[in-house]
Each structure stands twice: as structure tokens, then as C-alpha cells.
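The values are calculated or read from the model by the stated rules, or taken from the named source; none is laboratory data. Just so it is clear, the model here is predicted, and its values are computed rather than measured. Using ideal geometry, Cβ is built from the backbone for each residue, glycine included, and neighbour counts are taken over all protein chains shown. Please note that ligands, DNA and RNA were not included when accessible areas were found on the heavy atoms of the full protein model with its side chains. Shrake-Rupley method; radii C 1.70, N 1.55, O 1.52, S 1.80 Å.
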Amino acid sequence: MRGPDHTCLAGVGALRGCPKRHETRVQTPGVAFTPVARTQSLYVCRACGGEALKWQGQCARCREWDSLEAVTGVTAVRGARERGTAAAASAGLGDGVGDPAAAARLSLGMAEIDRAFGGGLVAGSVTLLGGEPGIGKSTLLLQVASALAAGRVIVYASGEESVPQIGLRARRLDLSGAQLLLVSDSSLDAILALAVERQPTLLVIDSIQAMQLAANDSSPGSPLQLRDCTAALVRHAKSSGCAVIIVGHVTKDGSIAGPKLLEHLVDTVLYFESDAGSRYRMLRATKNRFGLVNELGFSAMSAGGLKEVRNPSAIFLSRQPQPVPGSVVMVARDGGRPLLIEVQALVDRSRFGTPRRVAQGVDVNRVSMLLAIMSRHADLPLADYDVFVNLVGGIAIAETSTDLPLALALASSLRGRALPASPVVFGELGLTGEVRPVAHGEERLRELMKLGYRHVILPRDNLPRSPPAGVALHPVASLGEALAAAFTES
Ligand code: TYD
Ligand code: MG
């Protein structure tokens, strides 16, 4: 009679009657082994949230070096969800899914903030707001929460400040909102329980790094805790329709601290940015499932909190009563809108061996290329000069329309002559000295006219078919023509 089959772990010689005395595992026919959940340490990648069962120098998923962190006390059970369970939510497009009327956006109290959110807050959306400490994230969200709290329940949960501290700030900002619930707790379980009970329209979590889920015994701020807390908030938002805004601290390099996975989990990622020492703040969308990315919203920090800036172009223009050498106003496009920005250039004879090239707000390699074009095609030898270039207001522009204004600002500084008509300039420069057109020419023209400028130097191919009245257009096709137009008295 045959007994149950057995498999020899040592290899093929493992059939019944194997003469070797080695370990065998008896398997009854028809009965499969079931995997057993066991508690073991797990390693989670700080960059991508990938998991590994043992430590490795490099993450196998995203190839980042030295990014794995041990997370102990986690039960590694895979496939916990039972097979055969139906999808929880399904609907056909014919059922009116995605109806714009149903997805009405709520205004956050300031048009500029709404703009960065893609036109307002979407119910059931999850937004991650990143920014350096002290930039004003808590101030912004308290103002937003208070603006929405007129007639709606809003929960503002802080794991960093006590309720009296938040209350004090709200009083200082002269905020009201009877339905605004302030909570100071770092237990996300408690906050979610409150959200289930009160059904708020908006839940603010300040900050995700301070939150902790009881089921996860790693410390707050650790990659696994961040990931699980965010996932729990996303689940709550999607099931209840409550919008969630999560504050995330940033690392030294400016990205949101924690696994990159956080950005994949949420619908919208916003960064709150500012130039060092400036009171102006920019809210920029880097990911938005419900709107355009790179939308920019402008505000200014004041003693009474954040105030919106209705005319952002004014931030980037310094008010000089007379035209000065080395200064040119350009119209660039950033964050989906045209912006007037003053570019400044300073060239000075180099006193040391290698001339210096310093650029703030533009790519320094692009400046080197412009210097070569100017030397070759306009006979402006800048090789022996130190060159400094700056965009006023601390904004950075990665757009080719900055070429021509930069070249004219450099020429103006070299000649020590201001551009007499104070024109606004935009256009790309090619290596052969030609001026190339840029996108959205008419939109740029409208913006500069709105701000009262009356002279424009622009690429010939950007000339509108029916030129607008009240503005002198100087179309140019080469750097030589642009220099001639810029330095002629009009
Ligand atoms: P805060 O919102 O606490 O920043 P974050 O949450 O991003 O760390 O902002 C703190 C800074 O804002 C602080 O330096 C003081 C300044 N501030 C004002 O200038 N005016 C105000 O009305 C408030 C509330 C803050
Ligand atoms: Mg804060």
C-alpha cells in the first residue's frame, strides 16, 4: 500500500524509500499548504514606499541608495482581501457620473487660492499641502477653514498646536465660524471617528508627520506611519465625500517628507513657496486630478494673515521713476498665466582670471549661450566681463521667452544706457542670432497693455494679424534689429 506522497527538501532523490536520512515534508494529496501570517521586520523605502523583507543598500523598486528603513512589529500578510469580493463602487457613465453640477467646487475664500486648487475645492478630494516651516501653511488652512465654515461643519485637526493656541491665532486673524471644530490630537483614529460622527465638509490635518494610527506601532513621521495615515484619510474621503487637506513638512531639498508614495495616493499636491524674506507667497499645483498643474495663486503675508494679490505682475516690477541701464521688463508665462517681470543685468570688467557668471531665476547655461550669441552676432564682446543676472521678486522662469529681454538687459548694462522707451520685451533667441516666436503671444500683449505699457519689442512672427490700438509694436527678426529698436528714441 502506498502511503502519502512526500517531497524531499534535498532534491530529486527524495522519493519514498530514499536511503538518505534527511528532512521530509509530508503532504496529504488534495490539501495545499496555506501561507501563515507572521510578524517580522519590514523595510520600507523612504523615496518610493517600496517594501523589502531584508535590508539592501539600494531599493529594488526605485533604485534609490540607502533609502530603506526598518519598520518592526508589522504583520506581513499579503492578499488579505478575500478573492471574489465585488468592487465596492461602480456606475456607468450614462448614470450621470462626473456630472459637473454634482461636482460643484467650493470657494476657499480667495480667488487666488481657488485658482491653485483648479477652481475650488472638490468634495471627496484629498490635497497634500507642502511648504517650509513658518511659511504660513497653518495660517492659510485656518483662514480657508473659517471661510468655508459659514453654514458648513469643518474639522481642523492639529497634532502640533493646542486648541487654545489655534484659537488665539484665529482671534488674531479675526476669524469666525461657529461650525469650525478645532481639535488638538495626534491620534488619527480619534480624528477619523470624530469625522465619521460630525460629517464635516472639510477635514484639515496639520500635519501628517504628527499623526499616528493605533494599528501601526511605528513612530509618527516614519515612512510606514505616513503611508498608512494618508491611505486611511484617502479611504475616508472617498467613502464619505469629505474633502481632506493634509499638511506635509518638506525635506531640505524641498520635497514633501516621507515616501514619494504620498504624492501618488492623493488627488492634488500643492506647494506653498516664497522667496527668502519676501512677504509674497505662491501656491503652486504640481499634481491635480481635477485641474491644471502648475497653476499659481499669489498671496501676501500681513499682520492680519494672508491676503490675496489681485495683480501679481506688480510684485515682480520694481518701481523706478526713470529707465535705468541694465533693467528690462519682460512678459513671461508661468503657472498658466502671463506675468510681467523685471530682469536686471550687471556686467563688470572681470578683475580675476575666470569671469563670473551668476544667474538668479534663470538657467546659468542659457545665460552663457546668450553671451556667445551676443558676441558672435551683435559684436558685443562680453567674454572679459563678470555677468550677473537677476529676476526681481525671486521668481524662477524656465521659458525661452526670457532670451531676448536678457540679451537687451545685458547690452544695456554694457553700454551704460537705459532703453529710452522702456519697452516690454519677449522672444526666443536662436544660435544664428534670429529671434523666434514664443507661444501665447497675444495673451502676453493683453497682460502688458492691462498694466499700462505702451511699447513692445516682440518676435516678428508673434505680430498679431490685427494689431491692438494704443500700443506701439516693434516686431524684430534678429538680435541686431532688436538692439536697434531698443536703443532708438521713439
Ligand atoms: P504658520 O502658519 O504657523 O506656518 P507653518 O504652519 O507653515 O509652519 O505661519 C507662521 C508665520 O507666519 C510666522 O512667522 C508669523 C507669520 N504670520 C504673520 O505674519 N501674520 C499672521 O497674521 C500670522 C497668523 C502669522
Ligand atoms: Mg504649522
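Here is how the numbers come out for the structure above:
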| read-out | value |
| --- | --- |
| Cα gyration tensor shape for the range 168-255, rounded if a/c is under 1.5, else prolate or oblate | oblate |
| All Cα pairs of the range 335-490, percent lying beyond 18 Å | 56 |
| Accessible-area composition of the range 315-486, carbon plus sulfur, in percent [1.4 Å probe] | 50 |
| Kirkwood hydrodynamic radius of the range 227-276, from inverse mean 1/r over distinct Cα pairs, in Å | 12.1 |
| Theoretical gain in end-to-end length, LYS54 to ASP363 [0.36 nm per residue, Cα-Cα removed] | 107.0 nm |
| Accessible area of the range 105-310 belonging to carbon and sulfur atoms, whole % at 1.4 Å probe | 52 |
| Dipole magnitude (debye, nearest 20) for the range 331-440, charges at Cβ of Lys, Arg, Asp, Glu | 160 |
| For the range 247-382: Kirkwood Rh in Å [reciprocal of mean 1/r, alpha carbons] | 18.4 |
| Overall form of the range 105-310 per C-alpha gyration tensor (a/c, 1.5; a/b vs b/c) | rounded |
| Charge sum, other residues only, whose C-beta stays under 13 Å from ALA237's C-beta, Lys/Arg counted +1 and Asp/Glu -1 | +2 |
| Global form of the range 430-490, assessed from the alpha-carbon gyration tensor, a/c cut-off 1.5 | oblate |
| For the range 105-310, share of DSSP beta bridges that run antiparallel, in % to the nearest 5 | 40 |
| Farthest positive-ward along the range 315-486 dipole, Cα basis, beta-carbon charges - from PRO323, LEU473, GLY433 | PRO323 |
| In Hz, Karplus ³J(HN,Hα) per residue of the range 270-282 (6.51, -1.76, 1.60; θ = phi - 60°; x = Gly, Pro) | 10, 10, 9, 10, 7, 7, 3, x, 8, 8, 7, 10, 10 |
| Straight-distance crosslink candidates among lysines, where the alpha carbon sits under 25 Å from LYS54 and sequence neighbours closer than 8 are dropped | LYS260 |
| Dipole magnitude (debye, nearest 20) for the range 105-310, charges at Cβ of Lys, Arg, Asp, Glu | 460 |
| Net charge of Cβ neighbours under 14 Å - reference ARG63; Lys, Arg +1; Asp, Glu -1 | +1 |
| Net charge over other residues, Cβ less than 12 angstrom from the Cβ of GLY49 (K, R count +1; D, E count -1) | -1 |
| The range 293-361: translational diffusion in µm²/s, Stokes-Einstein, Kirkwood Rh over Cα pairs, 37 °C, 0.692 mPa s | 218 |
